[in-house]
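The next block holds one structure in the form of structure tokens; read it before the comments.
Every read-out reported here was derived from the displayed coordinates using simple, explicitly stated rules and does not represent laboratory data. Because the structure is predicted, anything quoted here is derived from the model rather than measured. A quick note on method: Cβ atoms are made from the backbone with ideal geometry, for glycine too, and the neighbour counts reach across all protein chains shown.
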Amino acid sequence: MVRRWPSRQQSVTPGQAARRKACLALLTAAGLLPFLGACASQPALPWCDPSPTAAGLDGYQLGPGDRLRVVVFRHERLSGEFALDATGTVAMPLVGAIPANGLTAGELGSEIEDQLQEKGYLIVPRVAIEVLTHRPFYILGEVARPGAFEHVSGMTLVNAVALAGGYTARADRSSVSISRSHCVREATAATRVFPSEVIRVPARFF
């Protein structure tokens, strides 16, 4: 039985449709139409919003690998640079380990203030947090150097590909996708790239 194409409810993107059309043409020419199911093997991930937040990284959620500068006003000994460990925990002087995974910088600052006050170390603590280094993004597929790269603010797809050494000759530049968590979106040269996201550059069929 010939497998039917997915319906619109399955969020088939224009790039996926183009790849399947090319696959269909290739299989037809090779007399392999009974194996059409191979063309429908794209992951059925839901469609992402364009960015994690409408304002970019203002609502950035902290995670393992992020490095922070924590300033406790008028208390230099409590201030410094700290990194989230593999579990998303940050260890602070006096207050100890604080689970920070999924918090924004502002939320973590409020949590540190609460801990300092509740444990009796400061009466009215004031804490400010700056994200110094975001966790990396990843680029896979048809680029010269696939792998993980340090994220910088304002990064776009063209910047990311440049860090990875550029596209290979087999890259299908019209079908690049970016995924995060459990969703995916198509990307153009100007598409913003955010920490932890995975860029996939497929190969052309011919």
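Quick notes on this one:
- Near G165, once Lys and Arg are set to +1 and Asp and Glu to -1 for all other residues with Cβ below 13 Å from its Cβ, the sum equals 0.
- Taking the Cα centre of segment 67-133 as reference, the dipole from Cβ charges on Lys and Arg (+1) and Asp and Glu (-1) amounts to some 200 debye.
- Under the combined filter of DSSP loop state and at most 10 neighbouring Cβ atoms within 10 Å, segment 58-114 retains these trypsin sites (Lys or Arg not before Pro): R74.
- Cut-off 12 Å between beta-carbons: net charge of the residues surrounding Q117, Lys and Arg +1, Asp and Glu -1: -2
- The calculated FRET efficiency for N159 paired with I123, based on their beta-carbon distance and R0 = 45 Å, is about 0.45.
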